[in-house]
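Participant: Below is the structure I would like to discuss, written out as structure tokens.
The values are calculated or read from the model by the stated rules, or taken from the named source; none is laboratory data. None of these values were measured; they are calculated from a predicted model. Methodologically, a virtual Cβ is constructed for each residue, glycine included, from the backbone with ideal geometry; neighbour enumeration extends over all protein chains shown. Just so you know, the surface numbers come from the protein's heavy atoms only, side chains and all, with ligands and any DNA or RNA stripped out. Shrake-Rupley method; radii C 1.70, N 1.55, O 1.52, S 1.80 Å.
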Amino acid sequence: MNSKLDFSVLLDPVYRHWIFDGIVTMLQLTAFAWLLAIVLGTLLALIRMTQNRWAERAVSVYVEYHRNVPMLVQIFIWYFGVPTLLSPAVQHWINAQRSEFLFAFIAVGMCMAAYMSEDLRSGIRSIPKSQLEASRALGLSYLQAFRLIILPQAVRIALPTLISHTVLLFKNTSLAMAIGVAELTYATREIESQSFRTIEIYIVATSIYLAISLLIMAAGAGLQHRYRIKAR
């Protein structure tokens, strides 16, 4: 057996196409899941801060479920379980709309929304209540006060943990391969099974994941630096 590394296998046009498509699908999955996570996470944080006992309990149950059940299990529930609750017509429509991708981004986004809601809630709780009271005294509604005064500050405070969870979300998209989403990890496995160049292809995939993770962290560091300059 030849133990030397040989990356020439990646010169095959078919393999290069698979890798490129896998990267595109991975980034699309990350973008859709992140949008769902940040929107839903913000909504959950706002609901939890209303001090309504039943609303707080409902959100708390949501957060605890998604933080304590493995994400892969949640993906399987969405992909194999949820469709059985729908009508045949709806199932047929979903299957025609890249159901694997759809359920993967919903599962990942809803799971990460639980983490991001806690990040934002911590940021909100660190802001003095007097700011909300002053905003209400100036005539702003509850939602206006949160949107214009409280939430922008909370985001700046929670930015480090939001960035960390964004990177975690990005990495967890690789779990979508389990239901057939042709993202980078799926493409890597397919190339490895056909070329038998295990080390080479996984080195390439690892390098791509590392590079994108570092780019996300660098972008987050740039945002933090920008906010620090504005705060001076």
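Participant: Among the listed residues 79, 65, which satisfies the condition of being in a helix (DSSP H, G or I), under 20 Å from residue 174 (Cα atoms) and not hydrophobic (A, V, I, L, M, F, W, C)?
Facilitator: Details: 65 fails: under 20 Å from residue 174 (Cα atoms).
Every option except 79 fails the conditions.
Participant: Can you name every one of the helices (runs of 4 or more DSSP H) wholly within the range 129-232 that holds 3 or more residues which are basic (Lys, Arg) and modelled with pLDDT under 85?
Facilitator: Values: elements: 129-137, 142-145, 151-172, 184-195, 198-231.
Because the criterion is at least 3 residues that are basic (Lys, Arg) and modelled with pLDDT under 85, the helices (runs of 4 or more DSSP H) in the range 129-232 that meet it are 198-231.
Participant: Sticking with this structure for a sec: Pick from 121, 16: which is exposed (fewer than 14 other Cβ atoms within 10 Å of the Cβ), out of contact with any strand residue (DSSP E or B) (no Cβ under 8 Å at 6 or more places or on another chain) and either at positive phi or assigned to a helix (DSSP H, G or I) (or both)? If you could, list the steps in order and put the result at the bottom.
Facilitator: Numbers: 121 fails: exposed (fewer than 14 other Cβ atoms within 10 Å of the Cβ).
It is 16.
Participant: Which members of the range 51-63 meet the condition of being free of Cβ contacts under 8 Å to residues at least 40 places away in the same chain and either out of contact with any helix residue (DSSP H, G or I) (no Cβ under 6 Å at 6 or more places or on another chain) or crowded, with 16+ Cβ neighbours inside 10 Å (or both)? Please lay out each step first, then the result.
Facilitator: Taking the range 51-63 and keeping what is free of Cβ contacts under 8 Å to residues at least 40 places away in the same chain, we get 51-58, 60-61.
51, 52, 53, 54, 57, 58, 60, 61 - these are the residues of the range 51-63 that are free of Cβ contacts under 8 Å to residues at least 40 places away in the same chain and either out of contact with any helix residue (DSSP H, G or I) (no Cβ under 6 Å at 6 or more places or on another chain) or crowded, with 16+ Cβ neighbours inside 10 Å (or both).
Participant: Filter the range 33-45 for residues that are open to solvent by 30 Å² or more (accessible area, probe 1.4 Å) and aliphatic (A, V, I, L, M); which is farthest from residue 110 (Cα to Cα)?
Facilitator: Step by step, filter the range 33-45, then rank; the result is 43.
Participant: Something else about it: Does residue 94 meet the test of being open to solvent by less than 80 Å² (accessible area, probe 1.4 Å), at pLDDT below 90 and in a helix (DSSP H, G or I)? Outline the logic, then answer.
Facilitator: Numbers: open to solvent by less than 80 Å² (accessible area, probe 1.4 Å): yes; at pLDDT below 90: yes; in a helix (DSSP H, G or I): yes.
Answer is yes for this residue.
Participant: Quickly run through the range 82-91 and pick out the residues that are open to solvent by 50 Å² or more (accessible area, probe 1.4 Å) and in a helix (DSSP H, G or I).
Facilitator: The first filter runs over the range 82-91 and keeps only residues open to solvent by 50 Å² or more (accessible area, probe 1.4 Å), leaving 84-91.
Correct list: 84, 85, 88, 89, 90, 91.
Participant: Moving on. Pull out all pairs, ordered by first then second residue, where Cβ-Cβ is under 6 Å, the residues are six or more apart or on different chains, the first lies in the range 88-104 and is over 25 Å from residue 174 (Cβ atoms), and the second is in a helix (DSSP H, G or I) and at pLDDT 85 or above.
Facilitator: Listed by first residue and then by second, the contacts come to 91/83.
Participant: Being surrounded by fewer than 14 Cβ atoms within 10 Å (Cβ to Cβ) and under 19 Å from residue 51 (Cβ atoms): is that true of residue 130 here? Walk me through it before giving the result.
Facilitator: Working: surrounded by fewer than 14 Cβ atoms within 10 Å (Cβ to Cβ): yes; under 19 Å from residue 51 (Cβ atoms): yes.
Here the answer is yes, as residue 130 does meet what is asked.
Participant: Going through the range 178-191 one residue at a time, which ones are among the hydrophobic types (A, V, I, L, M, F, W, C) and buried (at least 22 other Cβ atoms within 10 Å of the Cβ)? Steps first, answer last, please.
Facilitator: Residues of the range 178-191 that are among the hydrophobic types (A, V, I, L, M, F, W, C), as a first pass: 178-179, 181-182, 184, 187, 191.
181, 184, 187, 191, listed by residue number.
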